[in-house]
Amino acid sequence: MKREENDAFSRCHPAVGFTFFVGAIGLGAMIMHPAYIAASAVFAVTYYCLLKGARGMKLVALSIPLFLFLTFANPLVNHDGQRVLTYVFGKPYTFEALLYGMVIAGMLIAMILWAGCYNAVMTSDKFMTLFGGMIPTISMLLLMVLRLVPNMLRKIGQLAGARRCIGRGAAENATKKEQAADSLNVLSALMTWALEGGVITADSMKARGYGTERRSSFQIHTLTGQDICLLGTMGVLTVMIVRLIALGGTAANYTPIMEITPVTGRYVWGFAAYCAFLSLPTVLYIKEAVQWHISRSGI
Amino acid sequence: MAHFEIRDLSFTYASAKGRLSLDRVSFDVDKGQYLVLCGKSGSGKTTLLKQLKPVLSPAGKRSGEVLFNGVPVRQLSERDQAAKIGYVMQNPDDQIVTDKVWHELAFGLESLGCDQKTMRARVAEMACYFGIQDWFHRDVANLSGGQKQLLNLASIMAMQPEVLILDEPTSQLDPIAASDFLNTVRKINLELGTTVIITEHRLEDIFPHADRAVVMDGGRVIADDRPRNIGRLLYEQDNPMFTAMPTPVRVFYGSGGSGECPLTVRDGRSWLSEAFPAGAKVKSLPETKNPVEDNEPALIMKELWFRYEKDTPDIMRGVSAEVPTGSLYAIVGGNGAGKSTTLKAICGINRPYRGKIRIFGKPVEKYRSAELFSRCLAMLPQDPKSLFVKKTVREELEEMNSDKARVGEIAALCQVEPLLDSHPYDLSGGEQQRAALAKVLLTEPRLLLLDEPTKGIDSFFKETFAGILAELKAKGITIVMVSHDVEFCARYADMVSMFFDGQILTTDTPRRFFGSNSFYTTAANRMSRHVFTQAVTAEDVIALCRANREGEA
C-alpha cells in the first residue's frame with residue numbers, strides 16, 4: 001500500500017480534499033502576515049512529510065536553500081526600508097526588505113508544499129468524480145485524452161524496439177538526418193496505430209450505448225457523516241478567516257514603513273481559526289494513528 | 001422461440017466492388033443457445049456478427065433481414081441495442097475506454113443514464129460474479145491481457161444483455177487465460193441463460209460445451225449442426241475447416257473410427273480404450289534420428305541473469321541453452337515467465353548483468369549493431385503491427401531492400417504477393433504476420449527469433465506459416481521461437497525447451513519432451529498416453545491406430 005492510501009484525509013470524499021486545498025492555497029495567497037505564513041509553512045511541511053515519509057524530506061530539505069536564497073536576495077533588489085543593516089555595492093541593505101524577502105520565500109515554499117500534498121491526495125480520478133457529475137461528456141473526453149498519452153509512449157517504445165531488431169531505426173552512429181527520418185517513420189506509424197485503435201474504441205463505446213441518453217456519472221466515493229462534519233468545520237473556519245481579513249487582522253506592511261498587526265490580543269481568534277483549518281489533515285492522521293495504537297494495545 | 005432470425009442475409013462492403021461478403025445466410029438462434037460460428041479468416045464471420053448489432057455494421061449493400069425477438073433489428077432503438085445485445089471484440093486493449101476498472105464496469109450504465117443506486121448494485125454484482133473485487137480499484141493499464149478481456153466481458157454483462165456476441169475474444173490471450181475466459185462465458189450461458197454467439201479459433205475449449213456449430217466458408221453457411229456431427233460433415237466434404245476441429249475429432253475420423261465421435265480428451269481416452277481393449281501391439285512410432293540435434297550451435301546462452309530495475313526480482317535466473325544451426329527451436333512456458341525477455345536479451349535490447357551470449361561463435365557484444373542486424377540476427381515481435389510504418393506492404397518491403405527481385409522472391413516465399421498493394425492494417429492477423437515475416441526476412445538473417453508467431457492466427461494460417469518456416473530451415477536458417485502454442489511446437493519444432501522460474505529447465509525433441517509430460521502437453525498425448533507412448537500429435541495417434549489395425553488384419 002502506498003503511504004498516501006494510508007492517510008485518513010486522503011480517504012475522505014474528494015469534496016473534502018478539494019475544499020481544503022482551495023482554502024489552504026487560496027487563503028495562503030491572500031495573507032502576507034509573517035505569523036500566518038509561518039503557520040502555513042509549518043503545517044504544509046508536517047502534512048507533506050506524513051504523506052510522503054522519508055521521500056518527502058528531500059523536497060523539504062531542498063526548499064531550505066531556496067528559502068535562504070530568496071530571503072537574502074530580496075534586499076539586493078529592493079532598497080526601501082528604514083533600518084539599514086549594511087551597504088552592498090553602495091546600495092542600502094535594509095531589515096524591512098530582508099523580512100519581506102523572508103515572507104515571500106516562506107509563502108512560496110508553503111504553496112509548493114501544499115501543491116505537492118494536493119497532487120498526492122487529489123488523484124485525477126478523484127478530480128473526475130468531483131466534476132465528472134457536472135459535465136459528464138467533457139470529463140469523459142478529458143479522461144480519454146489523458147489515457148492516450150501513456151498509451152502512446154508505450155507504443156513508441158514498442159515500435160522503436162521492433163525496428164531496432166530488424167536493423168532499422170536509429171543506430172548508435174546514425175546521422176541527425178537519419179535519426180530525424182526514422183522518427184518521422186515511427187511517428188506516422190504511431191498515428192496509424194492510434195487511429196486504428198480509436199476506431200475500435202469508438203465501436204466499443206457505441207456498442208455500450210455511448211450517446212444514447214444523457215450520461216450519468218458513477219460515484220465511487222460516498223459522502224459520509226465525517227465528511228459532512230469536516231466540510232461544515234472548514235466552512236465555519238473559512239468564514240471566520242475571511243472576516244478576519246476583512247477586519248484587517250492580517251494586515252502587514254513592510255516597506256517603506258513596517259507595520260504588522262499583532263497576532264495576540266484582539267485578533268487571536270483569527271489566528272487560532274487559521275491554524276485549526278490548516279491542521280485538519282494532520283489532526284486526522286494523528287487521530288487515526290492514535291486510535292490504531294490504542295486498539296492494537298487493547299488486543 | 002427464436003431469439004435471432006437471420007433471413008437470406010447478403011452483404012457487400014462498400015469498398016468490395018460487388019464481391020459478396022455474406023451470401024444468403026439464413027438461420028435461427030434460439031433463446032439460451034450457445035452457438036459457435038467457425039470458418040477460416042475472411043469467411044464472413046465477423047461481417048455476420050456485426051450485422052446482428054446495427055450500430056456496428058459497416059457501410060455496404062445489404063439485402064435480407066435480421067429479426068431480434070421477431071422485430072427487425074434495425075428498428076431497435078439505440079438504447080435497446082446497447083442494453084440487450086452485448087458485443088465483445090477481439091482486441092482487449094482498444095475496447096477499454098476509461099482508466100479505472102470500476103469506471104469501465106460502470107461505463108455502459110453511465111451511457112444509459114442509470115441512477116446511482118442501480119449502478120452501485122449492478123457494478124457490485126458484476127465485480128463479485130467475475131471475481132473482479134480484488135482489482136476493482138486498479139488502473140486498467142496494469143492489468144494482464146486476460147484480466148482486460150474479462151473486464152470487457154463484465155462491463156458488457158453489467159448492462160444485462162439478453163444476447164452476448166463474442167468475436168474471437170481469446171485470440172490475443174495465452175491458453176490459460178483463454179480457457180478461463182471461455183469458462184466464464186460458459187458459466188454465463190448456463191447460469192443466466194444468456195444466448196451466446198461466439199466465433200473462435202480455439203475449438204478444443206468450446207466445442208464440447210456448445211449446443212450448435214455453424215460453419216461458414218466464402219460468406220455462406222456450409223454446415224449447421226450439433227458439434228458432434230459437424231466433424232463428420234466436414235470430413236466427408238474433405239473441407240479444410242476439418243483441420244481446426246478438436247484433436248479427438250480429427251483422430252476419430254482420421255483413423256476411420258466407428259461409433260459416437262468423442263469431443264473431449266476424456267471421451268477420446270475411453271474411445272481408444274474400447275478400440276484397443278487388450279492394449280495396442282504397436283505402442284510407439286519408430287524413433288527417427290533428429291537430423292539437427294548434433295549440428296554446431298548457432299546460438300549459445302550461458303547463465304544469463306537479468307532484471308529490469310535494480311530493486312525488482314530477477315526475470316532471467318541463469319538461462320542456458322544451445323541452439324543447433326538449422327533447427328526450429330521452441331521455448332514454451334507460462335505467461336510472464338521471461339520467455340520474451342530472453343529473446344530481447346539475445347537481441348541486445350535487454351542487457352543481462354551476468355552471463356554470455358554467443359551468436360555463431362562470436363560473443364554478441366563484439367558485434368556492431370549494424371553488423372548484428374544485417375545478415376545475422378532479426379526478430380519478429382509479438383505484435384506484427386509494430387513493424388509497419390508505410391502505406392503499402394510493397395513500401396514496407398522496399399524499405400528493407402531496394403532490390404526489387406529480392407523483394408519479389410521473399411514476397412513469394414511468404415505468400416504475400418497478392419497483398420503487396422494493400423495497407424498493412426487492412427490485412428487479417430495471419431496476413432499481417434506473414435507480411436511482417438517477409439519484412440524481417442529481408443534483413444537476410446541467419447538466426448531468426450519469433451515471439452509468439454501463432455498468436456491470433458487460425459489453423460490454416462498456422463499450416464501455411466509452418467510451411468514457410470520449413471522452407472527457411474531448408475535454407476539453413478536457424479529459428480528460435482517462443483510460444484504458448486504446444487500443439488504447434490509439438491508438430492513442427494525440432495527441439496522444445498521448458499522455461500520456468502527464470503531458467504530453461506528441460507530441452508528435448510518434441511516427442512520425448514511432450515511424451516514425458518502429463519499436464520503440459522498436447523491434447524493428442526493426453527488422450528492417447530494410456531495406450532501409446534510418445535504420440536504427441538493427432539497425426540502420430542492416427543498413424544499408430546492405423547499400424548495397429550493393419551497388424552490385426
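The values are calculated or read from the model by the stated rules, or taken from the named source; none is laboratory data. Just so it is clear, the structure is predicted and the values come from calculations on it, not from any experiment. A quick note on method: Cβ atoms are made from the backbone with ideal geometry, for glycine too, and the neighbour counts reach across all protein chains shown. Surface areas here come from the heavy atoms of the whole protein model, side chains and all, with no ligands, DNA or RNA. Shrake-Rupley method; radii C 1.70, N 1.55, O 1.52, S 1.80 Å.
In table form, for the structure just shown:
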| item | result |
| --- | --- |
| Within the range A:28-59, tally of residues that are assigned to a helix (DSSP H, G or I), open to solvent by less than 30 Å² (accessible area, probe 1.4 Å) and under 23 Å from A:LYS287 (Cβ atoms) | 9 |
| When residues of the range B:442-458 are limited to those that are within 19 Å of B:LYS475 (Cβ to Cβ), assigned to a loop (DSSP other than H, G, I, E, B) and open to solvent by less than 10 Å² (accessible area, probe 1.4 Å), the one farthest from the other protein chains (Cβ to nearest Cβ) | B:PRO453 |
| Lone unmet requirement of (1) away from chain A (no Cβ under 13 Å); (2) within 21 Å of B:GLY476 (Cβ to Cβ); (3) open to solvent by less than 20 Å² (accessible area, probe 1.4 Å) for B:LYS439 | (1) |
| For A:MET102: the one exception among (1) open to solvent by less than 70 Å² (accessible area, probe 1.4 Å); (2) part of a helix (DSSP H, G or I) | (1) |
| Residues satisfying the stated conditions in the range A:239-277, i.e. modelled with pLDDT of 85 or more, β-branched (Val, Ile, Thr) and out of contact with any Ser or Thr (no Cβ under 8 Å at 6 or more places or on another chain) | A:VAL239, A:ILE241, A:VAL242, A:ILE245, A:ILE260, A:VAL268 |
| Which listed residue is under 30 Å from B:ALA538 (Cα atoms), touching a His at 6+ places or on another chain (Cβ under 7 Å) and modelled with pLDDT under 95, from B:PRO175, B:PRO169, B:PRO227 | B:PRO175 |
| All positions within the range B:107-153 that are buried (at least 18 other Cβ atoms within 10 Å of the Cβ) and in contact with a Lys or Arg (Cβ under 8 Å, 6 or more places away or on another chain) | B:PHE107, B:GLY108, B:LEU109, B:GLU110, B:SER111, B:LEU112, B:CYS114, B:VAL140 |
| Conditions (1) open to solvent by less than 50 Å² (accessible area, probe 1.4 Å); (2) touching a Phe, Trp or Tyr at 6+ places or on another chain (Cβ under 6 Å): number failed by B:TYR235 | (1) |
| Qualifying residue in the range B:334-352 (condition: part of a strand (DSSP E or B) and open to solvent by less than 50 Å² (accessible area, probe 1.4 Å)) | no |
| Selection within the range B:387-412 - open to solvent by less than 20 Å² (accessible area, probe 1.4 Å) and away from every other protein chain (no Cβ under 14 Å) | B:VAL407, B:ALA411 |
| All positions within the range A:133-162 that are in contact with a Pro (Cβ under 8 Å, 6 or more places away or on another chain) and open to solvent by less than 60 Å² (accessible area, probe 1.4 Å) | A:GLY161, A:ALA162 |
| Candidates A:PHE9, A:PHE20, A:PHE43, filtered to the one that is among the hydrophobic types (A, V, I, L, M, F, W, C), out of contact with any strand residue (DSSP E or B) (no Cβ under 9 Å at 6 or more places or on another chain) and not assigned by TED's automatic domain parsing to the domain that holds A:CYS275 | A:PHE9 |
| All helices (runs of 4 or more DSSP H) inside the range B:165-277 with 2 or more residues being in contact with a strand residue (DSSP E or B) (Cβ under 7 Å, 6 or more places away or on another chain) | B:175-192, B:203-206, B:227-237 |
| B:LEU263 being free of Cβ contacts under 8 Å to residues at least 60 places away in the same chain and open to solvent by less than 40 Å² (accessible area, probe 1.4 Å) | yes |
| Top-ranked residue in the range B:535-553 [being within 26 Å of the chain's Cα centre (by Cα) and open to solvent by less than 60 Å² (accessible area, probe 1.4 Å); ranked as farthest from B:THR243 (Cα to Cα)] | B:ALA535 |
| Residue check for A:VAL263: within 11 Å of another protein chain (Cβ to nearest Cβ), of a type in the set (A, V, I, L, M, F, W, C), surrounded by 15 or more Cβ atoms within 10 Å (Cβ to Cβ) and touching a helix residue (DSSP H, G or I) at 6+ places or on another chain (Cβ under 6 Å) | no |
| From the options B:LEU48, B:LEU67, B:LEU105, residue that is outside any loop (DSSP other than H, G, I, E, B), in contact (Cβ under 8 Å) with a residue 60 or more places away in the chain and either farther than 30 Å from B:PHE460 by Cβ or acidic (Asp, Glu) (or both) | B:LEU67 |
| Within the range A:67-93, tally of residues that are in contact with a His (Cβ under 7 Å, 6 or more places away or on another chain) and surrounded by 15 or more Cβ atoms within 10 Å (Cβ to Cβ) | 1 |
| Given (1) open to solvent by 10 Å² or more (accessible area, probe 1.4 Å); (2) within 11 Å of chain A (Cβ to nearest Cβ), index of the condition B:ASP30 fails | (2) |
| Residues satisfying the stated conditions in the range B:71-106, i.e. more than 7 Å from every other protein chain (Cβ to nearest Cβ), within 19 Å of B:SER57 (Cβ to Cβ) and either open to solvent by 20 Å² or more (accessible area, probe 1.4 Å) or touching a Lys or Arg at 6+ places or on another chain (Cβ under 8 Å) (or both) | B:VAL71, B:PRO72, B:VAL73, B:ARG74, B:GLN75, B:LEU76, B:SER77, B:ASP80, B:GLN81, B:LYS84, B:ILE85, B:GLN90 |
| Odd one out for B:LYS356, checked against (1) modelled with pLDDT under 90; (2) touching a strand residue (DSSP E or B) at 6+ places or on another chain (Cβ under 7 Å); (3) not aliphatic (A, V, I, L, M) | (1) |
| Count - residues of the range B:491-506 that are part of a helix (DSSP H, G or I) and either open to solvent by less than 10 Å² (accessible area, probe 1.4 Å) or more than 12 Å from B:ALA330 (Cα to Cα) (or both) | 0 |
| Number of the condition not met by B:GLU365 [criteria: (1) open to solvent by 50 Å² or more (accessible area, probe 1.4 Å); (2) part of a loop (DSSP other than H, G, I, E, B)] | (2) |
| B:GLU395 at pLDDT below 90 and outside any loop (DSSP other than H, G, I, E, B) | no |
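Let's see how each residue does on (1) within 14 Å of another protein chain (Cβ to nearest Cβ); (2) crowded, with 24+ Cβ neighbours inside 10 Å:
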| position | (1), (2) |
| --- | --- |
| B:VAL163 | yes, no |
| B:LEU166 | yes, yes |
| B:ALA178 | no, no |
| B:ILE188 | no, no |
| B:GLU191 | no, no |
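Let's see how each residue does on (1) over 28 Å from the mean Cα position of the chain (by Cα); (2) under 26 Å from B:PRO92 (Cα atoms); (3) more than 9 Å from every other protein chain (Cβ to nearest Cβ):
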| residue | (1), (2), (3) |
| --- | --- |
| A:GLU178 | yes, no, yes |
| A:TRP193 | yes, yes, no |
| A:THR201 | yes, yes, no |
| A:ALA207 | yes, yes, no |
| A:GLY211 | yes, yes, no |
| A:THR224 | no, no, yes |
| A:ILE228 | no, no, yes |
| A:LEU231 | no, no, yes |
